[in-house]
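Student: My structure is below; once you've seen it, I'll send some questions.
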Amino acid sequence: MLVSPSLLSADFGNLNRDLEMINCSEADMLHLDVMDGVFVPNISFGFPVMKYVQKVCHKPLDVHLMIVEPQKFVSEVRDCGAEIMNVHYEACTHLNRTVQQIKAAGMKAGVTLNPATPVCMLRDIISELDLVLLMSVNPGFGGQKFIHGTLRKLADLRALIAETGSKALVEIDGGVNLETGKLLAGAGADILVAGNYVFSAEDPAAAIHGLKQL
Ligand code: DX5
Ligand code: ZN
């Protein structure tokens, strides 16, 4: 299993320590949650923090934009060193154009679905995508309870990927722990995001190791 710990749950007063832990861990990438207080009812961090993270973190950056009009910030996200730029389906009127812009900027393109958005909405874009991110909580906050309907949705997504021959990886975000992670692994997830489960653990690197084994 690929694991993408979410920095949202890190201790920002000890950012260097937490980034060093990520560097030394088996994490495959680092998940960065950008929130604007409009698309989601919360504000997190933005480009200055991400630029600092880029300097210290040696892992690929998996950026999840929970903002309106994410197409306005493609070059800024690229300049923060993002390897993957995830935009929400619900935030993009011209999703095909936005995906093209992300790829033209040299990043991998990911599209994220809120819990209430069905997988079939991706049918006409999925062959262009490097990644699909399924939200297994309503976005905006760390530490929420996993929505179990995500497992059926994951099955729908695997079927769509098989049918279309898409190369997209499937990432799941929200309420992931060892228990829900096991269910997601069984249902065909490729990447697990985990915030609270990793950063509230007594030994965060060991928590990452546990998820890696799934
Ligand atoms: C929620 C964010 C998540 C969040 C996950 O809106 O997109 O990435 O950090 O946190 P946990 O793993 O604590 O649910
Ligand atoms: Zn996220």
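Student: Provide the gained length on full extension for the span Arg123 to Met1, in nm with one decimal, where the gain is 0.36 nm per separating residue minus the Cα-Cα distance. Numbers along the way, then the final one.
Tutor: Numbers: separation 122, 0.36 × 122 = 43.92 nm, distance 2.53 nm.
Difference between extended and current length: 41.4 nm.
Student: Which links in Lys51/Lys72; Lys108/Lys182; Lys103/Lys145 stretch past 24 Å when you go from one Cα to the other?
Tutor: Numbers: Lys51/Lys72 18 Å; Lys108/Lys182 26 Å; Lys103/Lys145 33 Å.
Too far apart for the 24 Å limit: Lys108/Lys182; Lys103/Lys145.
Student: Going highest first, how would you order 121-132, 160-171 by mean Cβ packing within 10 Å? Write out the running numbers ahead of the final one.
Tutor: Working: 121-132: 18.2, 160-171: 16.2.
Top to bottom by mean Cβ count within 10 Å: 121-132, 160-171.
Student: Would you grab the residues whose amide H sits under 5 Å from the one on Leu169? Only those 5+ places off in sequence or on another chain, please, with H modelled 1.01 Å from N.
Tutor: For Leu169, whose amide H was placed from the backbone, the distant partners under 5 Å are Leu131, Val132.
Student: Summing +1 for each Lys or Arg and -1 for each Asp or Glu, what net charge is found among the other residues whose Cβ lies under 15 Å from the Cβ of Leu95?
Tutor: Local charge sum for Leu95: -1.
Student: In the chain, what percent of the accessible surface is made up of carbon and sulfur (1.4 Å probe, ligands and nucleic acids excluded)?
Tutor: Working: 4880 of 9340 Å².
The nonpolar share, carbon plus sulfur, comes to 52 percent.
Student: Out of every Cα-Cα pair in the chain, what percent are more than 28 Å apart?
Tutor: Percent of Cα pairs beyond 28 Å in the chain: 20.
Student: Could you tell me the calculated FRET efficiency between Asp11 and Leu214, based on Cβ-Cβ distance and R0 = 30 angstrom, to the nearest 0.05?
Tutor: The pair Asp11/Leu214 has a calculated efficiency of 0.75.
Student: Quick check: net charge around His64, other residues with Cβ under 10 Å of its Cβ, Lys/Arg +1 and Asp/Glu -1?
Tutor: Net charge in that neighbourhood comes out at -4.
Student: In the neighborhood of Leu151, defined by Cβ-to-Cβ distances under 12 Å, what is the net charge if each Lys or Arg adds +1 and each Asp or Glu adds -1?
Tutor: Once positives and negatives cancel, what remains is +3.
Student: Express the relative contact order of the stretch 44-97 as a whole percentage, based on alpha carbon pairs under 8 Å and six or more residues apart in sequence.
Tutor: 41 percent
Student: Let me ask something else. Hey, what did the stretch 55-214 get for relative contact order, percent, Cα under 8 Å, at least 6 apart?
Tutor: 16 percent
The values are calculated or read from the model by the stated rules, or taken from the named source; none is laboratory data. Note that this is a predicted model, so its numbers are computed, not measured. So basically every Cβ, Gly included, is an ideal-geometry build from the backbone, and we count neighbours across all protein chains shown. Note: accessible area is taken over every heavy atom of the protein model, side chains too, but ligands, DNA and RNA are not part of it. Shrake-Rupley method; radii C 1.70, N 1.55, O 1.52, S 1.80 Å.
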